[in-house]
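Single-structure report; data block below.
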Amino acid sequence: MKHYFTATVENGSLEITPFRKWFIKTQSLSGASRMTTHQMRGHMKRLGWVIKQFPDRVLVTQPAAESLVGSQGIETSTVARMKKEKKGRVSNERKNLNRLAGEFLVASRLAQRGFMVSLQWGTTIGYDLLVFDKEGSVAFVEVKSGAQESRRWILQKKYAFPREDKIDPARRFVCCVDLAIRGREPDIYVFPCEIVAKGIRYFFSGRYPNSSSFHLSLDFKPQGQTKTVGVETVGEHIGCDSYKENFAALGVKSLEG
């Protein structure tokens with residue numbers, strides 16, 4: 001049975017979050033992560049919190065929030081939002097299809113423009129496409145596809161620190177494919193890896209999250225300055241439009257050029 005923590009927030013509405021996760025994060029108890037949910041409930045009950053049990057879930061409720069928990073106790077807007085978010089999660093199958101769509105799209109557009117390109121398979125190589133010419137110039141291209149929000153891509157932490165990679169940063173590129181566009185063909189941004197790092201650093205301003213994943217969001221302002229007038233977005237800061245469909249940035253000659 002699922003357990004939720006409930007409490008009121010500043011505007012008087014009801015906040016509902018998964019109980020066990022909240023308990024471990026907020027309760028300064030030795031061995032909290034090893035406690036059973038029943039033991040956690042008992043601890044909060046001794047502190048004066050109210051335990052409400054329903055057919056499909058249990059609410060561990062802050063006394064001040066009890067009046068906001070109706071007789072059904074569960075169909076609040078917060079719970080509905082949590083259900084909607086769960087439904088909105090992208091399956092692994094869909095993620096894989098988006099990844100393949102992006103890689104094939106970039107390879108196709110390169111080939112259409114006369115670039116020699118080879119798709120690389122496997123997760124240990126470090127890049128998705130190898131673009132090369134007869135003179136020996138090469139570009140190592142990683143493809144990132146974003147299908148949920150336009151002009152926004154989830155990237156690994158390593159993209160903020162390209163000089164730690166074994167591949168020469170001058171030869172590394174990230175093609176960001178905007179699959180979230182509707183009604184026309186997706187956009188492809190051909191970013192040198194240093195430009196991606198510049199955008200990430202600009203947004204986070206050195207305050208990186210404790211996560212293995214960062215994001216490149218072209219329409220975001222730096223965190224903490226979202227409402228500041230005159231502050232550039234990430235896309236403006238890195239001049240993103242100059243990299244749209246700019247395959248010449250790869251520094252490799254096409255057969256047509």
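Any read-out appearing in this document is the output of simple, stated calculations on the displayed coordinates, not a laboratory observation. Note that this is a predicted model, so its numbers are computed, not measured. Neighbour counts are summed over all protein chains in view; Cβ atoms, including those assigned to glycine, are modelled from backbone coordinates with ideal geometry.
Of note:
- Applying the Kirkwood pairwise sum to the alpha-carbon positions of the range 91-140 produces a hydrodynamic radius of 11.9 angstrom.
- Dipole of the range 121-196 computed with +1 at Lys/Arg Cβ and -1 at Asp/Glu Cβ about the Cα centre; of Gln156, Cys175, Trp121, farthest Cα towards the positive end is Gln156.
- Over 22 Å [Cα-Cα, the range 92-250], rounded percent: 41
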